[in-house]
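**Student:** Input: one structure, supplied below.
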Amino acid sequence: MRIPFFFILSFPFVLTLWGCAKDLNINNDEEIISKRDRLYKGYGKFFGEDTLLFGGDNNMGKKPDVGIGVNTYLWRATLSTISFMPLKSVDPFGGVIITDWHVIPKIPKERFKVNVRILDRMLRADGLTISIFKEIRQNGRWVSSSISNKSIQDLEDAILMKARLLKSNRKKN
């Protein structure tokens, strides 16, 4: 008796589906597992915890980094430096901080908005990008205005200086 070619080709597919079916959460009484918990428990590893396939390093056995996804000192320094502005959006894993428009009481016809992106897990000067937006009130409407590069550089310097200070204080303790 010959086995049809179709069954031979579909056999690995059926085995894969059958192996994955044990991880499906069909019963609603079971605990729902978050994506982070899956990483800790080793879910989704095809060949197990310590298998090396085709060389490579053995990072599979290590737990993933937990916490924010960017440099902690840059993150805290940025939040501290722009704390006077209302926050619109904050993403510690992506390293994005977006403020809402802020009007300085002494200059009520101008408002500012800041977007900060932390790009690296290391404390580096090029690990930070800042955008500052300025609008001026003219004839009852807010109109975009240019901001000097010096203002952006001053804010960046203030954040970097505070981050270095936080790091040096951490080492002393």
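**Student:** Any residue at all in the range 130-153 that is assigned to a helix (DSSP H, G or I) and among the basic types (K, R)?
**Tutor:** Yes - at least one qualifying residue is present in the range 130-153.
**Student:** Go through the range 133-144 residue by residue and tally those that are more than 30 Å from Y73 (Cβ to Cβ) and surrounded by 13 or more Cβ atoms within 10 Å (Cβ to Cβ). Quick ask: steps written out before the conclusion?
**Tutor:** Start the filter on the range 133-144 by keeping residues that are more than 30 Å from Y73 (Cβ to Cβ), which leaves 135-144.
Filter again for surrounded by 13 or more Cβ atoms within 10 Å (Cβ to Cβ), leaving 135-137, 142.
Residues meeting the conditions: 4.
**Student:** Anything in the range 91-132 that is over 14 Å from L155 (Cα atoms), surrounded by 15 or more Cβ atoms within 10 Å (Cβ to Cβ) and either without any contact (Cβ under 8 Å) to a residue 12 or more places away in the chain or among the charged types (D, E, K, R) (or both)? List them, or say none.
**Tutor:** If the condition is that a residue be over 14 Å from L155 (Cα atoms), surrounded by 15 or more Cβ atoms within 10 Å (Cβ to Cβ) and either without any contact (Cβ under 8 Å) to a residue 12 or more places away in the chain or among the charged types (D, E, K, R) (or both), then E110, R111, R121 are the ones that fit.
Values quoted throughout were computed directly from the atomic coordinates according to the rules given, and no laboratory measurement underlies them. If you're wondering where the values come from, they're calculated on a predicted model, not measured in any experiment. In this analysis, Cβ positions are derived from the backbone assuming ideal geometry, glycine residues included, and neighbour counts consider all displayed protein chains.
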